[in-house]
1. Over 20 Å from the mean Cα position of the chain (by Cα) and surrounded by fewer than 15 Cβ atoms within 10 Å (Cβ to Cβ): which single residue out of Ser344, Ser366 fits that description?
2. What are the pairs, 6+ residues apart or on separate chains, where a residue within the stretch 270-282 that is assigned by TED's automatic domain parsing to the domain that holds Asp300 and at pLDDT 80 or above has its Cβ under 6 Å from a residue that is crowded, with 17+ Cβ neighbours inside 10 Å and assigned to a loop (DSSP other than H, G, I, E, B)?
3. Could you run through the stretch 21-52 and say how many residues are among the hydroxyl-bearing types (Ser, Thr, Tyr) and part of a helix (DSSP H, G or I)?
4. I'd like the residue in the stretch 336-377 that is in contact (Cβ under 8 Å) with a residue 40 or more places away in the chain and part of a loop (DSSP other than H, G, I, E, B) and, out of all such residues, is farthest from Ser225 (Cα to Cα).
5. Exactly one of (1) closer than 25 Å to Ala177 by Cβ; (2) not in a loop (DSSP other than H, G, I, E, B) is unmet by Thr55. Its number?
6. If you take the residues of the stretch 159-197 that are among the polar types (S, T, N, Q), outside any strand (DSSP E or B) and more than 19 Å from Glu136 (Cβ to Cβ), which of them is farthest from the chain's Cα centre (by Cα)?
7. Report every pair of residues separated by at least 6 positions or lying on different chains whose Cβ atoms are under 8 Å apart, first residue within the stretch 189-200 and assigned by TED's automatic domain parsing to the domain that holds Val161, second among the hydroxyl-bearing types (Ser, Thr, Tyr) and crowded, with 19+ Cβ neighbours inside 10 Å.
8. Regarding the stretch 298-306, can at least one residue be identified that is at positive phi, outside any strand (DSSP E or B) and surrounded by 14 or more Cβ atoms within 10 Å (Cβ to Cβ)?
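The values are calculated or read from the model by the stated rules, or taken from the named source; none is laboratory data. None of the values given here were measured: they were computed from a predicted structure. Please note: Cβ atoms are built from the backbone with ideal geometry, for glycine as well, and neighbour counts cover all protein chains shown.
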Amino acid sequence: MTTTLDTLNITKPFLQKAWEKSQFEHPTPIQTDAIPAILDGEDVIAESPTGTGKTLAYLLPILEKVDPAKKDPQALIMASSRELVMQIFEEVQKWGEGSGISGAALIGGANVKRQIEKLKKKSPQVILGTPGRVEELIKMKKLKMHEVKTIVLDEGDQLLVKEHIQTVQSIIQSTLADRQVLLFSATMPENTVEIGRTLMKDPQVLKVGRTPQKQSKVDHVYVVSDRRDKVKNLEKLSRIKGVKGLAFGKDIGELAVLTDKLEYNRIPVGLLHSELNKSERQAALKQFREGKSNLLLATDVAARGLDVTGLSHVIQVNIAEDENQYLHRAGRTGRAGASGTVVSLVTPSEEKALIRIANKLNIKLSKKTFYAGEMVDAE
């Protein structure tokens, strides 16, 4: 019997088996568009909202093409955050089960000697990493790039920025000229597309929107208060039964203040930002995923690409700077058609800016307030 994967030329038995195990009925639109192009060896620039299956859109064709008999890296997947790299690594392990294909995660902040040992011992075919650490290992001649045929830039708009662009260019240039470059992101500003083109050969540009059905399952609400009362509202939200919320703050300093105030009031919270070390970040995520805290405070960079099952609320302690940032934040909940709520905690002056963003995105906003420990209509 022909499966939906056969129609996309994904034929390896281990992938068919993993697909059946996952109980996915059909490939998503971005998978249907991207997989054939990637299998044909084309360079691809792909924009698709968070939660629409972007990771599998590049991972399935990569695993289809990798030769497990060759003990050299054949694909490199890069992301800007350690959390996202580890998340993709878990997907490689899950979808590559029983294939003889192994992966290695190379992230900054981790022990470099241990990573070198891992490269020697495991001879991984799929490398996942943050650009700084990948470049470091290439320069040390510990990571060989001559067999790498495919390079993926996941959340590419975060990689093709001033801090990373030279490193990314250097890594791409360390491979042979017949390489394939894939650029994926939930939002793709025009300048990212232009920079991407300079690293590619005549790329296919794919843009897939979220289906209205999936979008309608996410409620967008806001609560107006003075700035000093935002932390009280965050506390009230965290006490509502069933809330598992990811809260976005403006910067590390603000998140530290919020954490101190919440912990003083005996609210268990996790914290995620770039200045924490690897074990601190892992502990915060583990605690949140296991339900020992129901609130995770994060900066936008630290939460990029983060996938937490059953996330009920995204909370904006500071409103998004623009509609792209709003979409990235909102995309953490309501994934793959699940329901969710985006709550913006705003001052009276921020209310107007939030309404402007919602109008641009054609999002219906509801004004709420807190009453008897619940969030109710302000009217």
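1. After ruling out the rest, the residue left standing is Ser366.
2. Cβ pairs passing all conditions: Gly270/Ser293.
3. 2
4. Looking at the filtered set, the residue picked out is Ala338.
5. Exception for Thr55: condition (1).
6. Only one residue tops the list, namely Asn191.
7. Note: pairs meeting the criteria are Thr192/Ser185.
8. Yes, that holds for at least one residue.
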